[in-house]
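**Q** Below is the structure I would like to discuss, written out as structure tokens.
Read-outs: derived from the displayed coordinates by stated rules, not from any lab. This one's a predicted model, so the numbers in the text were calculated from it and none came from an experiment. Using ideal geometry, Cβ is built from the backbone for each residue, glycine included, and neighbour counts are taken over all protein chains shown.
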Amino acid sequence: MFDNLSDKLDKAMHVLKGHGQITEVNVAETLKEIRRALVDADVNYKIAKDFTNTVKEKALGQDVLTALKPGQLMTKLVKDELTELMGGEAEGINLSGNPSVILMSGLQGSGKTTFSGKLANFLKNKKTKKPLLVACDVYRPAAIDQLHVVGDQIGVEVFSNKEEKDPVKISEAAIAHAKANGFNAVIIDTAGRLAVDQAMMNEIAAIHEAIKPQETLFVVDSMTGQDAVNTAKAFNDVLNFDGVILTKLDGDTRGGAALSIKTVVDKPIKFIGTGEKMEAIDVFYPSRMADRILG
Ligand code: GDP
């Protein structure tokens, strides 16, 4: 995960090796290397520049008598800033309400259906939750079948109705079904398109308005870099979602989405997907991710 970024940041810190203290002169080269590493990881230039400016201010503001060597001090400052950039504290999902309704949004192929299954499995394992999965893709029957396969794998019931073409009605019927049958969490998997379009936005906005979910999550493929950030902005403008799910972090992703999304939409990353299996889900902890990036 983010190997290239880790290597480049490591090299940037080496520039300070052998120096007794951080000065305006010796820190400049390191900051330039850090900025380059972030931009190469697909972080937009302004975010990268703000990042290094903050690190610079903090580095030069440090008491020169600090016990840390310049390289160590810089590593600590960069780690702290990376943690902030990715959201600071970890934030869980809102499971209030009976049932707690969780609406999934995102483009086709982002990993929505897979993540819906992972989340259902995660909640089921918590023991206090009995989840119901809901198939709301009225355009692709294969998507409904896929959710049934996922549901069978994890032993979670899937609500679907191939005859009904209105996703609002399916969602409402699913919530009524949950209430009548003792399901206390409802995860609604919606249709996605290959690119943001108005019809899709109107449809998900209508579902959101009708069912008023406790939690609206935006799922995005971390391999898509800057596009991931642009798509997040488009969805957030319409849904004002509560959190981001970053999928496919097991792949050869550069890290830009993880590092930029919080700044652009001001919403936390809540979970990450790290594989195709139902168990490949992790709560997102910004500080742990920063630790990982800096080795
Ligand atoms: P949807 O169209 O948004 O519902 O996307 P899917 O859930 O069908 O996922 C699209 C593809 O990405 C499938 O082949 C999934 O197995 C795969 N996928 C989903 N999440 C992950 C992940 O975290 N890691 C990897 N490697 N593959 C994933």
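**Q** For helix 225-239, report the angle its Cα long axis makes with the longest principal axis of the Cα atoms of the chain; keep it between 0 and 90° and round to the nearest 10°.
**A** Between helix and principal axis, roughly 50 degrees.
**Q** Read phi for every residue in region 114-122 and hand back ³J(HN,Hα) as whole Hz from Karplus 6.51 cos²θ - 1.76 cosθ + 1.60, θ = phi - 60°, with x for Gly and Pro.
**A** Using θ = phi - 60°, the values come out as 4, 5, 4, x, 4, 5, 4, 5, 4 Hz.
**Q** Among Val229, Val186, rank each residue by its count of other Cβ atoms within 10 Å, from fewest to most, as a rough exposure measure.
**A** Val229, Val186
**Q** Could you give the nm distance between label points at Ala142 and Lys126, where each point is 7 Å from its Cα heading toward the beta carbon?
**A** Once both label points are built, they end up 3.3 nm from each other.
**Q** Calculate the FRET efficiency for Ala67 and Glu24 from the Cβ-Cβ distance with a Förster distance of 30 Å, rounded to the nearest 0.05.
**A** Once rounded, the FRET efficiency stands at 0.90.
**Q** Nearest 5 is fine: what % of DSSP beta bridges in the chain come out antiparallel, could you say?
**A** 10 percent
**Q** Using a cut-off of under 12 Å, list every residue of region 27-47 whose amide N is near the label point 7 Å from the Cα of Asn53 along the Cα-to-beta-carbon line.
**A** Counting only backbone N, you get 46-47.
**Q** Please determine, in degrees from 0 to 90 and to the nearest 10, the orientation of helix 24-40 with respect to the longest principal axis defined by the Cα atoms of the chain, where the helix direction is its Cα long axis.
**A** Long axis of 24-40 versus the principal axis of the chain: about 30 degrees.
**Q** Let me ask something else. Taking +1 at the Cβ of each Lys and Arg and -1 at the Cβ of each Asp and Glu, which of Ala195, Asn181, Asn125 sits farthest along the dipole of the chain towards its positive end, judged by Cα position relative to the Cα centre?
**A** Working it through, the farthest residue towards the positive pole turns out to be Asn125.
**Q** Still on this structure: Can you give me the angle between helix 45-61 and the longest principal axis of the chain, using Cα atoms only, in degrees from 0 to 90, rounded to the nearest 10?
**A** For helix 45-61, the angle is close to 50 degrees.
**Q** While we're here: Mind listing the long-range amide H neighbours of Ser100? Cut-off is under 5 Å, sequence gap 5 or more, other chains count too, H placed in the peptide plane at 1.01 Å from N.
**A** Those qualifying (amide H under 5 Å, at least 5 residues apart or on another chain) are Ala185, Val186.
**Q** Here's something else I'd like to know. Using a cut-off of under 17 Å, list every residue of region 21-58 whose amide N is near the label point 7 Å from the Cα of Lys76 along the Cα-to-beta-carbon line.
**A** 21-23, 55-58
**Q** Mind sorting Met278, Met86 by how few other Cβ atoms lie within 10 Å of their own Cβ, fewest first?
**A** By the 10 Å Cβ count, ascending: Met278, Met86.
**Q** Based only on other Cβ atoms within 10 Å, what is the fewest-to-most ordering of Thr274, Thr128?
**A** Fewest-to-most ranking of Thr274, Thr128: Thr128, Thr274.
**Q** Continuing with the same structure: Using a simple spin-label model with points 7 Å from Cα along the Cα→Cβ vector, what separation in nm is obtained for Ser96 and Lys32?
**A** Going from the Ser96 label point to the Lys32 one covers 5.2 nm.
**Q** Here's a follow-up. Which longest uninterrupted range of the chain lacks any GluC sites (Glu not before Pro) assigned by DSSP to a loop state (not H, G, I, E or B) and surrounded by at most 12 other Cβ atoms within 10 Å?
**A** 164-275
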